[in-house]
Every structure is written in structure tokens, then in C-alpha cells.
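The values are calculated or read from the model by the stated rules, or taken from the named source; none is laboratory data. Note that the coordinates shown come from a computational prediction; the quantities given were computed from them, not determined experimentally. Heads up, the Cβs are rebuilt from the backbone with ideal geometry, glycines too, and the neighbour counts pull from every protein chain shown. Protein only, heavy atoms only, side chains kept; ligands, DNA and RNA dropped before computing areas. Shrake-Rupley method; radii C 1.70, N 1.55, O 1.52, S 1.80 Å.
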Amino acid sequence: MTEMQAPPRRDIDRDTRLALYTSLVRLRLFEQRAYDLFMQNLVKGTSHLSLGMEAVAAGFGHAMRSDDYTFATYRGHAHTLVRGADMAATMAELLGRSNGLLGGKGGSMHLTSVEHHAMGSYAIVGAHLPIAAGAAWSAQVRATEQVSVCFFGDGTTNIGAFHEALNMAAVWELPVVFVCENNLYMEYTPIRDVTAVANPAADRAASYGLDSILVDGNDVEAVYELAQDVFAKARAGGGPSLIEAQTYRKGGHSRADAAKYRPPDEVEAWMARDPIDLYRARLLDLGVDDEALRDIEERAQAEVDDATETAKSGAEPDGSTLMTEVWSDGGAAWRN
Ligand SMILES: Cc1ncc(C[n+]2csc(CCOP(=O)(O)OP(=O)(O)O)c2C)c(N)n1
Ligand SMILES: [Mg+2]
């Protein structure tokens with residue numbers, strides 16, 4: 001049985017703490033707005049929110065170097081935004097508008113910003129783990145000290161690609177960090193009902209000769225500090241890491257899923273551990289004044305409001321763009 005890592009509590013400077021808090025709030029307010037727009041039928045296709053799980057994205061995102069790679073799932077809004085993708089363009093992408101990150105052709109489930117090394121959001125469960133290992137291999141060959149960071153869910157640990165990617169990454173000592181966001185559920189199935197071990201990622205780390213690492217995914221500083229350690233190890237040629245971050249989604253799996261399948265006492269216990277409330281209280285304890293936090297909250301709200309207006313003002317994609325950007329050189333003609 002794997003034990004939770006005790007939060008190391010290094011001394012983090014005030015600016016970094018406020019930056020972490022800013023990210024948490026931006027990610028939360030963005031997704032709350034995305035939910036509202038979905039309910040107004042303005043978001044095209046489905047969307048998977050990470051409300052309640054923001055500390056994982058913020059903690060890892062802030063520890064990354066600007067040229068490190070991010071690979072996300074369909075639940076990828078936070079992971080893309082935290083790398084620096086423009087909020088209005090991200091919102092516009094959800095609305096399927098031409099001013100979206102991908103010209104309105106990708107939508108919520110496929111957010112990508114190569115410019116920010118956010119290398120895509122993948123809708124096929126487990127598909128991106130081998131790809132993230134490949135990016136790490138490329139960094140290893142080029143000796144760039146870049147790290148490839150791959151986020152996925154608890155359910156993904158029961159997919160073959162998880163085991164294949166972990167094994168190759170360990171054998172080749174690739175600079176890849178696999179982050180399992182264990183929110184206790186797949187779509188509607190509790191992970192514990194279908195998994196032979198209690199901690200779906202951490203308890204399997206030994207199979208690949210890796211340390212078993214569990215972290216409180218609702219404690220942004222614990223995540224941030226752990227991320228710094230595993231990134232340093234990867235950059236120094238120490239090989240991959242597998243991390244299980246324990247967290248919980250505030251809402252359903254996708255769309256308007258009311259998540260009625262979750263026991264009320266479990267929901268209540270996790271709602272009392274909201275990552276933003278926890279961090280706000282901690283910052284106040286550390287002597288940060290309430291006014292500074294309120295200022296961050298107001299600025300983030302204004303940014304989301306502006307992003308929404310810009311996104312809504314975008315035109316629908318022109319039909320002529322349907323066959324552009326199909327290949328990396330932009331062409332659409334079939335080739336062998
Ligand atoms: C290969 C494959 N099988 C099934 C699905 C349908 N599906 C979409 S999300 C999901 C649950 C994944 O759960 P988890 O890995 O815990 O991620 P979470 O949604 O909780 O973040 C499933 C089964 C899929 N997209 N791909
Ligand atoms: Mg899950």
C-alpha cells in the first residue's frame with residue numbers, strides 16, 4: 001500500500017504564491033463561464049470540466065519550463081490555459097468560432113497550442129501516453145533537457161497503452177512525467193470497482209521500477225514542489241516519474257451530467273476540500289492580505305468577462321477552411 005507524501009513545505013516566495021493563486025482563480029472562473037455558456041447552448045459539442053481539480057494543472061504548470069511539453073486529455077482546458085494559451089482564443093474555440101485557438105475546428109476536446117508547447121488534448125483514453133513518451137525521446141536525443149508532462153485520469157491506468165508507455169519510458173530512461181489525476185471516477189464507474197489495487201497509478205509504479213508517489217492534488221503547493229523535484233530528476237537524466245494526484249471533480253463527467261452516482265457523504269467531504277478555498281485560507285494564514293487576493297479575483301473575473309465578449313464576437317468558421325491545416329504543411333490533398 002502506498003503512503004501519501006507529506007507536504008514538504010519549502011519556502012515559496014510571495015510572488016510565486018500569488019501566481020499560483022492567480023492561476024487557480026483564472027482556471028476556476030474560466031470553467032465556470034464555460035459551463036454557463038454550455039447551458040446557453042453556445043458551446044459546440046461536449047465539454048469536460050476540471051472544476052475542483054485546478055491545483056494539479058496550476059502546480060505542474062508553474063513548475064514547467066516554457067519549452068516543456070504538455071499532453072492532456074479531453075479534460076484539458078486548465079492544462080492548456082496554464083501554459084499561456086490566450087483565454088479569449090480558448091473560449092472562442094469552445095464556441096467553435098473562427099477566432100478560436102484552432103480556428104473553431106477543434107473544440108473543447110482538442111485544445112492545442114503548439115506555440116506554448118501544449119501539444120494537444122486527446123479524446124481516446126490512453127492514446128497520448130506513448131506520444132508523450134515519444135516527445136520525451138525526441139528531447140533526450142536532442143539533449144535539450146526538456147520534460148514531457150502527460151496528464152490522464154485514473155481510468156486510463158487500466159488501458160494497455162498506459163503500461164506500454166510506462167515500460168518503454170522506464171527502459172529508455174525518458175524525461176517524461178506521467179501524472180494520473182485520480183478523481184475516483186471514470187465516466188460513471190468508481191475506479192475502485194474495476195481495479196485490482198487501491199491506488200491505480202501509485203501502486204503500479206513498482207512494476208516499472210519507479211517510486212510510488214501519491215500527492216494531495218488539492219494542495220497546490222504540494223503539487224508544485226513535487227513537480228519541481230520530478231522535473232529536476234528528468235532533466236538530469238534520471239528518467240521518468242509516475243505520480244498519482246488525488247483529487248475530485250466538482251461536477252459530472254461531461255456536459256450536464258449531474259453526477260448522481262456519487263455518494264452524498266463523499267461529495268460533501270471533497271467539497272470541503274476545495275483547492276481554492278484551502279489555498280486562500282493558507283495564504284491568509286501566511287500573512288497575505290485579503291485585499292491582494294480580492295484584487296486577483298476581480299482581475300481574473302474581468303479577464304473572463306472580456307474573453308467571453310471577444311469569443312462571442314467571433315464569426316463562425318468559413319466553409320473554405322474545412323480542408324486547410326489538415327497536414328502540417330497546411331495542404332489537404334491526399335498523398336501516399
Ligand atoms: C479508448 C477509449 N475508451 C473509452 C472511451 C470513452 N471514455 C471517455 S472518458 C472515459 C473515462 C475516463 O476516465 P479517467 O481516465 O478516469 O478520466 P477522467 O474523465 O476521470 O478525467 C471513457 C471511458 C474513450 N474515449 N476512449
Ligand atoms: Mg477519473
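Condition test on Gly106, is it without any contact (Cβ under 8 Å) to a residue 24 or more places away in the chain, more than 16 Å from ligand 2 (Cβ to nearest atom) and assigned to a loop (DSSP other than H, G, I, E, B)?
Values: without any contact (Cβ under 8 Å) to a residue 24 or more places away in the chain: yes; more than 16 Å from ligand 2 (Cβ to nearest atom): yes; assigned to a loop (DSSP other than H, G, I, E, B): yes.
Here the answer is yes, as Gly106 does meet what is asked.
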Expected output for the stretch 171-197 (first residue open to solvent by less than 70 Å² (accessible area, probe 1.4 Å) and part of a strand (DSSP E or B), partner more than 9 Å from ligand 1 (Cβ to nearest atom) and among the acidic types (Asp, Glu), Cβ below 6 Å, 6+ apart or cross-chain) is Cys180/Glu244; Asn182/Glu244
- Would you confirm whether any residue within the stretch 181-199 is closer than 24 Å to Arg28 by Cα, touching a Gly at 6+ places or on another chain (Cβ under 7 Å) and of a type in the set (Asp, Glu)? yes
Return yes when Ser113 is away from ligand 2 (no atom under 16 Å from the Cβ) and within 30 Å of Asp13 (Cα to Cα) and no when it is not. yes
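Could you tell me whether Ala92 is in contact with a strand residue (DSSP E or B) (Cβ under 9 Å, 6 or more places away or on another chain) and either among the basic types (Lys, Arg) or open to solvent by less than 20 Å² (accessible area, probe 1.4 Å) (or both)? Quick ask: steps written out before the conclusion?
Values: in contact with a strand residue (DSSP E or B) (Cβ under 9 Å, 6 or more places away or on another chain): no; either among the basic types (Lys, Arg) or open to solvent by less than 20 Å² (accessible area, probe 1.4 Å) (or both): yes.
Judged against the criteria, Ala92 is not a match.
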Across (1) over 19 Å from Tyr208 (Cα atoms); (2) surrounded by 24 or more Cβ atoms within 10 Å (Cβ to Cβ); (3) within 8 Å of ligand 1 (Cβ to nearest atom), Phe152 clears everything bar (1)
For this session: Assess whether Phe162 counts as being within 14 Å of ligand 1 (Cβ to nearest atom), in contact with a strand residue (DSSP E or B) (Cβ under 9 Å, 6 or more places away or on another chain), at pLDDT 95 or above and under 21 Å from Thr80 (Cβ atoms).
Result: no
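If you take the residues of the stretch 170-200 that are under 19 Å from Ile124 (Cβ atoms) and among the aliphatic types (A, V, I, L, M), which of them is farthest from ligand 1 (Cβ to nearest atom)? Before you say what the answer is, go through the steps one by one.
Step one: filter the stretch 170-200 for residues under 19 Å from Ile124 (Cβ atoms), giving 176, 178-181, 183, 185-189, 191, 194, 200.
Cutting the leftovers down to among the aliphatic types (A, V, I, L, M) gives us 176, 179, 186, 191, 194.
Values: Val176: 18, Val179: 11, Met186: 4, Ile191: 6, Val194: 10 Å.
Result: Val176.
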Flagged pairs (Cβ under 7 angstrom, 6 or more apart or on separate chains; first in the stretch 268-293, at negative phi and assigned to a helix (DSSP H, G or I); second surrounded by fewer than 18 Cβ atoms within 10 Å (Cβ to Cβ) and aliphatic (A, V, I, L, M)) are Asp290/Leu284; Ala292/Leu18
When every residue in the stretch 144-170 that is among the hydrophobic types (A, V, I, L, M, F, W, C) and in contact (Cβ under 8 Å) with a residue 40 or more places away in the chain is compared, the one nearest to ligand 2 (Cβ to nearest atom) is Phe152
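Suppose we filter Met39, Met91, Met119, Met87 for residues that are of a type in the set (A, V, I, L, M, F, W, C) and within 30 Å of Pro200 (Cα to Cα); which single one remains?
None of the others qualify; the one that does is Met119.
Kindly evaluate Val82 against the criterion of being within 16 Å of ligand 2 (Cβ to nearest atom), among the aliphatic types (A, V, I, L, M) and either at pLDDT 95 or above or in contact with a Cys (Cβ under 7 Å, 6 or more places away or on another chain) (or both).
Values: within 16 Å of ligand 2 (Cβ to nearest atom): no; among the aliphatic types (A, V, I, L, M): yes; either at pLDDT 95 or above or in contact with a Cys (Cβ under 7 Å, 6 or more places away or on another chain) (or both): yes.
The answer is no for Val82.
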Scanning the stretch 233-259 residue by residue, those modelled with pLDDT of 95 or more, over 21 Å from the mean Cα position of the chain (by Cα) and either within 16 Å of ligand 2 (Cβ to nearest atom) or surrounded by fewer than 16 Cβ atoms within 10 Å (Cβ to Cβ) (or both) turn out to be Ala236, Gly237, Gly238
Counting only residues in the stretch 90-103 that are in a helix (DSSP H, G or I) and of a type in the set (A, V, I, L, M), the one farthest from Gly76 (Cα to Cα) is identified as Ala92
